[in-house]
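Take a look at the structure set out below.
What follows draws every value from the coordinates through simple rules; no lab data is involved. As the structure is a computational prediction, the values presented were derived from the model and not from experiment. Ideal geometry is used to build each Cβ from the backbone, glycine not excepted, and the neighbour counts take in all protein chains shown.
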Amino acid sequence: MNKASTGFYFEDFTLGQVLEHAIPRTITEADTSLYLALTGSRFSLYCNQEFAQQLGYSKQPVDNFLLFQIAFGKTVNDISLNAVANLGYAEVEFIEPVFVGDTISVVSEVIGLKENSNGKTGIVYVHSKAVNQEGYQVLSWKRWVMVNKRLEGMQNTFAVEPQLNSMVPIGSISIPEQLSITSYDSRISGENYRLNDYKEGEWIDHIDGLTIDNTEHTMATKLYQNNAKVHFNHHHMALGKHQQRLVYGGHIISLCRTISHNGLANAQWLAAINGGVHLNPSFAGDTIYAATQVLQCQELGSGVGALRLRTLGYKNSSWHELKPHYEKAHEEKSRLPSSFVLDLDYTVLIPV
Amino acid sequence: MNKASTGFYFEDFTLGQVLEHAIPRTITEADTSLYLALTGSRFSLYCNQEFAQQLGYSKQPVDNFLLFQIAFGKTVNDISLNAVANLGYAEVEFIEPVFVGDTISVVSEVIGLKENSNGKTGIVYVHSKAVNQEGYQVLSWKRWVMVNKRLEGMQNTFAVEPQLNSMVPIGSISIPEQLSITSYDSRISGENYRLNDYKEGEWIDHIDGLTIDNTEHTMATKLYQNNAKVHFNHHHMALGKHQQRLVYGGHIISLCRTISHNGLANAQWLAAINGGVHLNPSFAGDTIYAATQVLQCQELGSGVGALRLRTLGYKNSSWHELKPHYEKAHEEKSRLPSSFVLDLDYTVLIPV
Amino acid sequence: MNKASTGFYFEDFTLGQVLEHAIPRTITEADTSLYLALTGSRFSLYCNQEFAQQLGYSKQPVDNFLLFQIAFGKTVNDISLNAVANLGYAEVEFIEPVFVGDTISVVSEVIGLKENSNGKTGIVYVHSKAVNQEGYQVLSWKRWVMVNKRLEGMQNTFAVEPQLNSMVPIGSISIPEQLSITSYDSRISGENYRLNDYKEGEWIDHIDGLTIDNTEHTMATKLYQNNAKVHFNHHHMALGKHQQRLVYGGHIISLCRTISHNGLANAQWLAAINGGVHLNPSFAGDTIYAATQVLQCQELGSGVGALRLRTLGYKNSSWHELKPHYEKAHEEKSRLPSSFVLDLDYTVLIPV
């Protein structure tokens, strides 16, 4: 028997199954510099030691977007090696800050299973938890993913779909214990806008576009040790529908976050992802843009506020062109056009 | 009003205006490894701790070429986001060595303004200074850049053009305090040539060519947090004259420096850039070459010498083919052919 | 005379000649993260500090595959700048573990010379040794390389071909002194297979494919400061037989190692390369696959075993398609088809 694994198929998952993901990872300072070089991130908290110290951290924390990518990467070999599509995320909670030198382990539990009526695929729902080397939980999230079956045909198993909250309640947001916002310096972060400058319903067109290249997206995905075949194997993907490698959806999230710096430079800390959907695939050569709607603004005390945001990622187009299409689709609850690649609902901390 | 900024236009600059650039950056060891991986640099001072210690440094200093890229990157959002072209540099002085862990902040003052007669653009001259986290000035430079106007038409402002020195006088070169050249080991650096082996007027054909790829130049530019649109947005650039992204001129400088190692391996320390001009744009797929003329050789004392060099960067050609064109243009003071991309006049320290 | 070197030609080598390679290199943590991002390596020993400590190391050691690339890179400027082809490796012994912060110097001795009958090239055999900053030998290897002559024609020198062992005897394998296998945790490494699960003669089809991109292979090669022209200069290579840059063979070795994780996740420590041949060149766009045959399984004591493996790297094909061709060629001792790119015979340590 071949010792190399072809990964799990839909039939291999059972409700309540616990998967201890292999290859826990020690995060290095180099990972954070590589993240910056691969995404172009310019949020000051992650690239300026003095600024991090002014905000009460002993040193720069790891960007929660990077933490999410690394933790997510750990789950791929067991959950989504044979995935057709990552369908969505929910209840993504960042609980404790992570620092360079921390080692992250991830465990997932299967919390839902549902066959698709085509008999070829099914949906697997998992709840994943990342802990650091001291056993503290640093991140918890749920995701659901469409996975191929090994054998075609309905098994007639009963479907279990978990109840997922549409958001992480702002009341249960973790504010990093050490965070002190009293000496926040907007000259360093690059913008003056604070919590009360944002209005619910307001849109921000982030203007800037970033073109994806092949080495860039594969290198980012390899940095996260995410080994899903669709990102790396052109020989195989050339035979499929898209005729080329797909860009890892998490890289699109990171690019949209980088682009959103223009207008959200003080929204330094990712506290939660309430929900996220990859609307369409992206490919090398695509130029990614983003626009954000402010969904909610709330003071949390001690000078810290929370902004709930909805960032739409789209490609090879302008917000000017796409906004009417978005509004029509939103009103009619219809599908967004294929230029849209990401719909991310998340909560960030920002000074009041 | 959209909270994202479209950057400054010519009309937004005033003489004497001071711009405190946001997002000061802590330089990491990883930045130095990434610089090496992105440029191929082989100068021993920056990749060999024992060699650096033999030269009197407590640890490897940051390569001044990398320092320049990072410091320059800080100024882009305020000065050259809407630049048509970086026209030139002058009086670039490296004052103090910078080490891993140092945080670099940059402030610029507008020292000149001049409308162009087409009514569409103007030239902005700035004097920028980089300081470390202890407030010591580490780098000072002047540059001028052609910036778009927000509205077409002449404003009839009076032009102010600063007097720029054609070189940093060798007498005002900063020799790093800790530098001790007594135990310089040429077996480590890779060549035997020292100050007195070079003759004024001598040319070095550096032979080697480096081909630029898309991820390489965009990743380098993102590492420097330089967010000028022309390097990153293919969707936008495809509509313009070049139909593709431009390579950041600073990356061309770094590639020429790497190439110049062959013949200048002991010219480890960049002390000053006397003047620099990007002659033509470069694109992914171009192969960069370099040739250097020795302009001046001078002993500075304590075994340290200064070489003033003129490095010409060119692409997709050989020095054999181009030298006659260079000589003709030099004699006639006419424009160099479009294969030439860089004309850099700089001063390096070298053992006597 | 031009100060830039064109490198050594066949005529420049003499038997017994000792070459002290320039630019010794201090290995940084960032080099290890970059290696991971450029190859996708998922071996736990190199990315998990706690796991490394459980195995008795004070901290993660440097992956011997990375060490080999860096040490090899040091020799290129003196030995293979004008190489036509890297013909093979033998007797590659990893003697002491290397850690971040160590500085690696390399010395080579010419141990064989042989003119080719075409009068255009010759074969140079070298024995190279890498030592750390304390003078301890960490790596020793032999390789032979086909080098261009400066002038065409036979010199009629007598040929000296060294005796090379077909393998590093398992009895002379260095087990790292600190290595303690007693608390080896397969949940961390990702697979349960240990020494006794492997059978001599057994094949593993590693399944996964990795597509090479231009920035990826050039960046890896620049990270190793390997400056062989064939990898970097498209302008020059476009005129040659392949009309494009060649991928550094060492990068192919690293990709095959990454791919072999699937089925060999516990074979963490590279102890020796018995022999290696690059069968055909690879180019950007190629998708690399690997299959491994287990040649020998042997207990070494203290819970440590050695696996002698033969990994075949191939491209743009499947093991299913290629295995019959391999078997036919193996039986007939004929040349493998051009899909095969690497034949690597090496010995790894694995828990019993």
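In order along the range B:213-220, the phi-based Karplus estimate (6.51 cos²θ - 1.76 cosθ + 1.60, θ = phi - 60°) of 3J(HN,Hα) comes to 10, 4, 5, 4, 6, 6, 5, 4 Hz; Gly and Pro are listed as x. For helix A:249-259, report the angle its Cα long axis makes with the longest principal axis of the Cα atoms of chain A; keep it between 0 and 90° and round to the nearest 10°. Helix A:249-259 and the main axis of chain A meet at about 20 degrees. Axis angle, to the nearest 10 degrees, between helix A:319-332 and the longest C-alpha principal axis of chain A: 60 degrees. Taking a ≥ b ≥ c as the square roots of the eigenvalues of the alpha-carbon gyration tensor, the range C:181-352 is classed prolate because a/c is 1.5 or more and a/b outweighs b/c.
Helix-only mean residue ellipticity at 222 nm, chain B, DSSP H runs n ≥ 4 weighted -39,500 (n - 2.57), per residue, nearest 500. What is it?
-6500 deg cm²/dmol
Per residue of peptide B:92-105, the mean number of Cβ atoms on other chains within 10 Å of the residue Cβ is 1.
With 22 Å as the limit, write out which pairs from B:LYS199/B:LYS323; B:LYS241/B:LYS315; A:LYS229/B:LYS229; A:LYS222/B:LYS229 have Cα-Cα distances beyond it, or answer none. Exceeds cut-off: A:LYS229/B:LYS229; A:LYS222/B:LYS229. Scanning residues 5 or more positions from A:LEU300 or on other chains, those with amide H under 5 Å from its amide H are A:GLY305, A:ALA306, with H placed 1.01 Å from N in the peptide plane. Inter-copy label distances at C:GLU134, using a point 7 Å along Cα-to-Cβ, come to 3.2, 3.2 nm with the shortest given first. In this simple spin-label model, placing a label point 7 Å from the Cα along the Cα-to-Cβ direction at both A:ASP12 and C:LYS323 gives a separation of 1.9 nm.
The three principal axes of the Cα atoms in the protein assembly as shown give end-to-end lengths of 84, 84, 46 Å, sorted in falling order. For C:THR26, the residues whose modelled amide H falls within less than 5 Å of its own, excluding neighbours fewer than 5 places apart on the same chain, are B:ASN48, B:GLN49, C:ILE104. Note that the range B:39-55 has calculated 3J(HN,Hα) couplings of 10, x, 4, 10, 6, 4, 4, 9, 9, 9, 4, 5, 4, 4, 5, 4, 8 Hz, one per residue in order, obtained from phi through the Karplus relation 6.51 cos²θ - 1.76 cosθ + 1.60 (θ = phi - 60°); glycine and proline are x. The listed peptides B:333-345, B:206-218, ordered by packing as a protection proxy, come out as B:206-218, B:333-345 (highest mean of other Cβ atoms within 10 Å first). Take chain A, connect every pair of alpha-carbon atoms lying under 10 Å apart with a spring to form a Gaussian network, then pick out the residue of A:ASN132, A:ASN233, A:ASN148 with the largest mean-square fluctuation. Sorting by GNM fluctuation, first place goes to A:ASN233. On full extension, the segment bounded by B:SER58 and B:ARG335 gains 95.2 nm, given 0.36 nm per residue less the C-alpha separation. Cross-link partners for C:LYS120 among the aspartates and glutamates, with Cα-Cα distance under 20 Å and sequence neighbours closer than 8 places in the same chain left out: C:GLU11, C:ASP12, C:ASP78, C:GLU152, C:GLU161. At q = 0.06, 0.10, 0.15 Å⁻¹, what is the log10 ratio I(q)/I(0) for chain B, with the Debye formula run over Cα points and no solvent? Here log10 of I(q) over I(0) equals -0.21, -0.60, -1.42.
Converting the Cα gyration tensor eigenvalues of the range C:153-199 into ellipsoid dimensions via √(5λ) gives semi-axes, longest first, of 44, 14, 12 Å. With each label modelled as a point 7 angstrom along the Cα→C-beta vector, the B:GLN298-A:ASN192 pair spans 4.7 nm. The distance between label points at A:PHE158 and C:ASN2 comes to 8.0 nm (points 7 Å beyond Cα on the Cα→Cβ vector). Partner shielding of C:17-29 amounts to 6, given as the average count of beta-carbon atoms from other chains within 10 Å of each residue beta-carbon. Equivalent-ellipsoid semi-axes for the range A:47-183 (Cα gyration tensor, √(5λ), whole Å, largest first): 36, 15, 11. Peptide B:225-235 is shielded by partner chain Cβ atoms: per residue, an average of 5 of them sit within 10 Å of its Cβ.
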